[in-house]
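The values are calculated or read from the model by the stated rules, or taken from the named source; none is laboratory data. Worth saying up front: this structure is predicted, and the values here are computed from it rather than measured. Quick reminder, even Gly has a Cβ in these numbers, built from the backbone with ideal geometry, and neighbours come from all protein chains shown. The accessibility values were calculated without ligands, DNA or RNA, using every heavy atom of the protein model including side chains. Shrake-Rupley method; radii C 1.70, N 1.55, O 1.52, S 1.80 Å.
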Amino acid sequence: MMFLYPAFLFALLAVLIPIAVHLFNLHRYRKEYFSNVRRLEEMQQQTRRQRNLRQLLLLASRVLSVTFLVLAFCQPVLLRKEQLVRRGGAAVSVYVDNSFSMSNVGREGSLLQQAVQKAREIASAYKSSDRFQLLTSDMLGRQFRWLSRDEFLAALDEVKPSSATPLLSEVAQRQADFLRSVSANDWQAYVISDFQVSSSDFGALKQDSLVATTLVPLEAQGVNNLFVDSLSLGAPVFYKGALAVAVAYLRNEGDSQVESVPVRLFLDGRQRAMASTSVDAHSTVAVELPFTIDATGPMDGRVEISDYPITFDDTLFFALNVRSRINMLEVDGGEPNPYLQSLFSGDSAIFLRYAGERSIDYGSLNESNFIVLNGLKDIPSGLAQTLHDFVEDGGSVLVVPPVAAYVASYNSMLSLFSAPRLGGWMQGERKAVGVDTRALLYSNVFSRHDDPMELPTLKGSYSMVYDGGTIYQPLISLADGGYYLALTPCGSGNLYLLASPLDEQNTDFVRQALFVPTLYNMALYSVAPGSPYATLGSLAPVTLSHYYPIDDVPLLTSSSQAFSQIPDLRRVGGRCLLMPHAVALAGNYRLALQDGNCLHEAVAFNYSRVESVMQFLSRGEVSKTAKDYNLTTFASVLDASRPLDAAIKVQREGVPLWRWCLAISLMFLAVEVFLLRKIKLPHVS
């Protein structure tokens, strides 16, 4: 126990007053001798003992009344061993978790409303002269400034739900760093949250002996949430007239099955597909939504369900950028290859152009997506370097050497890509024995990886030479341990190398069913597939399908949100990367040039689904976890079901005893009155 105002102890000298009064009121008795008055003497002696006892009780009640009255003014406080009352101003940082999971319902409405109310109660426990910081999940720059108590209470009215989901360790570190930046005698941090398991990383918390952190867990009444977890598209590249399949993955975090859930797919505002499914408790189901692409250009898509009360994850936005065509260039050492012409000449999605080896325009190679070098005797160094830059920027090249190729020039080019090099020409039959069906090139070709298929036989081919610096992925393997088709990734693109010419004199590959998907997918996948959407809060940039030069800066717009902003673009090689930190709301967005040019594309952003997993720590679990990690500065856990202002005052200042002292003082005054008025001594005449 300690006294807040020990100077008042000098007032204990006031107890001398009732002592002096008692001494002055003492009566001296004189003996008078009477004959035969024995009984009267006994009565007088008894009366004197009673009077002395009453006087002593009066003295004790007066002394104790004055003593406890003085102690009340000293304001005694009962402290725990680890408590220390700090005098002077306090610096208080309050974190209000406003992430989407706080939209859940508690005993007194939404958890976010409860959190705001608890923050008000915390502020009322401090003096108006103390300094406050209001920190939310957004962690905006303007939140790192000190507020008066009135400003703090006004700022609480502006707290809205946010998609940000910081880790507990990040929140605590930000609070500690900001508190330590100001001079104060008392640094206090408060964390008001539902303590979702995914963000409650107690093991990463760093303790600060000078900053006391109090945890205030809020508990929801029920935890049931059905949401669209993710989405995948059946093909990486789309074109007009193609049948696409969007696969939506629905996750049920509730304790009971959800039946007959309608799932809808919209493209450019029109519903294009619908399905119904049931989802078991704590499980995930995949829902296929097929639709036909009937237009070219950018398309805004979304998949949605209906669920309550957590609604931020009921819609998942995605973007489709449907190309009008893919530009393919065949560079041939002689006449155009008839098999390539037959495969691509009538295709509306792929536009095939032809160029002879003597009429190549190096400057126009970047206008193509897929280049086939078919039967060139020699590859000049200038062409090799141009093709290398082309592949690094995202293009694809297929190298088909002729029988009498100048191997040294081919190997000089292949070494730029770290690809396998050509060995000697091998005349004789070589049989293919396997296809890598798990490769992206064949991802949508085989329904089963072990399906039997007809594989090519080579009559004449080159051997492929590999060494320690070679990078390759075998796609079609030969029985002798060599490879007929190999893939080498380079930058953002791919280089394919065939071991024999595309003619019937050297292989039957051009007559087999495998020839069509192999060459066709090379052309389709020459366009970077990209992701149909990006996740807000992620540091990963979004790879754009168009390259925007520095002189042509596009605008990022959203008609549904009246949003328009110059985005943060990073240019790496021939790719353009969009940094998503400027986007705050999920939805469909467009990138378009400011000069009115029609060049534009669709991008989509979604909220992180981390908040959708409804697993939380109770107050008891929070206390136990902090104890298990020996987090002594995080050991204070308050019960949010009770007012926090009184609990915080007790926590900071201990249990005040002045009211008890005042009550005891009044009690002894009542005893004095009782002794004076109610206890009458017998009168002796």
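Where a ≥ b ≥ c are the square roots of the eigenvalues of the C-alpha gyration tensor, would you call segment 451-524 rounded, which needs a/c under 1.5, or, failing that, prolate if a/b is larger than b/c, or oblate?
Working: a/c = 1.81, a/b = 1.26, b/c = 1.44.
The shape class here is oblate.
Calculate what fraction, in whole %, of the accessible area of the chain sits on carbon and sulfur atoms when a 1.4 Å probe is rolled over the protein chains. List each step's numbers first, then the result.
Numbers: 18150 of 34250 Å².
Ligands and nucleic acids excluded, carbon and sulfur give 53 percent.
From the mean inverse distance of alpha carbon pairs (Kirkwood) and the Cα radius of gyration, derive Rg over Rh for segment 293-378.
Values: Rg = 20.9 Å, Rh = 16.2 Å.
That ratio equals 1.29.
If you split all Cα-Cα distances of segment 479-633 into 10 Å bins from zero, what percentages do you get per bin, shortest first?
Histogram of Cα-Cα distances, whole percents per bin: 8, 24, 19, 17, 17, 10, 3, 1, 0.
Just need the Rg to Rh number for segment 431-570, please, alpha carbons only, Kirkwood Rh.
Working: Rg = 20.7 Å, Rh = 18.5 Å.
Answer for segment 431-570: 1.12.
Nearest 20 debye, what's the magnitude of the dipole of the chain about its Cα centre given +1 on Lys and Arg Cβ and -1 on Asp and Glu Cβ? Kindly include the intermediate steps, with their values, before the conclusion.
Working: 59 positive and 66 negative charges, 1300 e Å.
Here the chain has a charge dipole of around 6240 debye.
In sequence order, what are the phi-derived ³J(HN,Hα) couplings for segment 358-374 according to the Karplus relation 6.51 cos²θ - 1.76 cosθ + 1.60 with θ = phi - 60°, rounded to whole Hz, with x for glycine and proline?
Once rounded to whole Hz, the list reads 9, 10, 7, 9, 4, x, 9, 5, 5, 6, 9, 9, 9, 10, 10, 8, 10.
Considering only protein heavy atoms, with the full assembly of protein chains and a 1.4 angstrom probe, order Ser359, Ser209, Ser461, Ser200 by accessible area, largest first. Walk me through the numbers before you get to the answer.
On the way: Ser359 75, Ser209 105, Ser461 0, Ser200 20 Å².
Ranked list, largest accessible area first: Ser209, Ser359, Ser200, Ser461.
With charges set only on the Cβ (+1 for Lys and Arg, -1 for Asp and Glu), what does the dipole of segment 594-648 come to about its Cα centre, in debye to the nearest 20? Kindly include the intermediate steps, with their values, before the conclusion.
Working: 5 positive and 7 negative charges, 82 e Å.
With only Lys, Arg, Asp and Glu charged at Cβ, the dipole is about 400 debye.
Over all pairs of distinct alpha carbons, what does the Kirkwood formula give as the hydrodynamic radius of segment 603-646, in Å? Each step should come with its number before you reach the end.
Values: mean 1/r = 0.0749 Å⁻¹.
Evaluated over segment 603-646, this radius sits at 13.4 Å.
Hey, what does the equivalent ellipsoid look like for segment 110-254, semi-axes from the Cα gyration tensor as sqrt of 5 times each eigenvalue, largest first, whole Å? Write out the running numbers ahead of the final one.
On the way: eigenvalues 312, 58, 53 Å².
Gyration-tensor ellipsoid for segment 110-254: 39, 17, 16 Å.
Which value results for Rg/Rh of segment 239-295 when Rg is the Cα radius of gyration and Rh the Kirkwood radius based on the inverse mean 1/r?
Numbers: Rg = 13.5 Å, Rh = 12.4 Å.
Here the Rg-to-Rh quotient is 1.08.
Specify the angular offset, from 0 to 90 degrees and rounded to the nearest 10, of the alpha carbon long axis of helix 168-180 from the longest principal axis of the alpha carbons in the chain.
Between the helix axis and the principal axis of the chain, the angle is about 60 degrees.
In what order, largest first, do Tyr5, Tyr308 sit by accessible area if the probe radius is 1.4 Å?
Greatest to least solvent exposure: Tyr308, Tyr5.
Return one number: the angle in degrees, 0 to 90 and rounded to the nearest 10, between the long axis of the Cα atoms of helix 644-653 and the longest principal axis of the Cα atoms of the chain.
70 degrees
Could you tell me what percent of the DSSP beta bridges with both partners in the chain are antiparallel, to the nearest 5? Display every interim value, and only then the final one.
Working: 86 of 133 bridges.
Rounded to the nearest five, the antiparallel share is 65 percent.
In a shell of Cβ-Cβ distance under 9 Å around Arg430, excluding Arg430 itself, what net charge do Lys and Arg (+1) and Asp and Glu (-1) give? Walk me through the numbers on the way to the answer.
Values: positive: Lys431, Lys459; negative: Glu429, Asp480.
Charge balance near Arg430 sits at 0.
Per residue of the chain, what 222 nm ellipticity follows from adding -39500 (n - 2.57) for every DSSP H run with n ≥ 4, rounded to the nearest 500? Before the final figure, lay out each step's value.
On the way: 12 runs with 160 residues, N = 685.
Counting only the DSSP helices, I get -7500 deg cm²/dmol.
Per the Kirkwood treatment, what hydrodynamic radius in Å, one decimal, follows for the chain from the mean inverse distance over all distinct Cα pairs?
Answer for the chain: a Kirkwood hydrodynamic radius of 32.7 Å.
What per residue convex hull volume, in Å³, do the alpha-carbon atoms of segment 212-371 yield? All intermediate terms of the calculation are to be shown ahead of the outcome.
Working: hull volume 31.8 nm³, N = 160.
Convex hull volume per residue, Cα atoms: 199 Å³.
Using the Cα centre of segment 388-480 as the reference point, and only Cβ charges (+1 on K/R, -1 on D/E), how large is the resulting charge dipole? Debye, rounded to the nearest 20.
Details: 6 positive and 10 negative charges, 52 e Å.
It comes to approximately 260 debye.
Could you tell me which of Val63, Gly203, Ala295 has its Cα farthest along the dipole of the chain towards the positive end, charges placed at Cβ (Lys, Arg +1; Asp, Glu -1), taken about the Cα centre?
Of the options given, the answer is Val63.
Across segment 366-475, what fraction of all alpha-carbon pairs, as a whole percent, falls in each successive 10 Å bin from zero upward?
Pairs per bin, as whole percents: 12, 37, 36, 14, 1.
Would you mind getting the accessible area per residue of segment 434-513, heavy atoms of the protein chains only, 1.4 Å probe, in Å²? Please report the intermediate quantities before stating the final value.
Details: 3510 Å² over 80 residues.
In whole numbers, segment 434-513 has 44 Å² accessible per residue.
Could you tell me, in Å, what Rg and Dmax come out for the Cα atoms of segment 558-648?
That works out to 23.2, 64 Å for Rg and Dmax.
In Å, what Rg and Dmax follow from the Cα atoms of segment 390-446?
My reading of the Cα-based Rg and Dmax gives 14.6, 38 Å.
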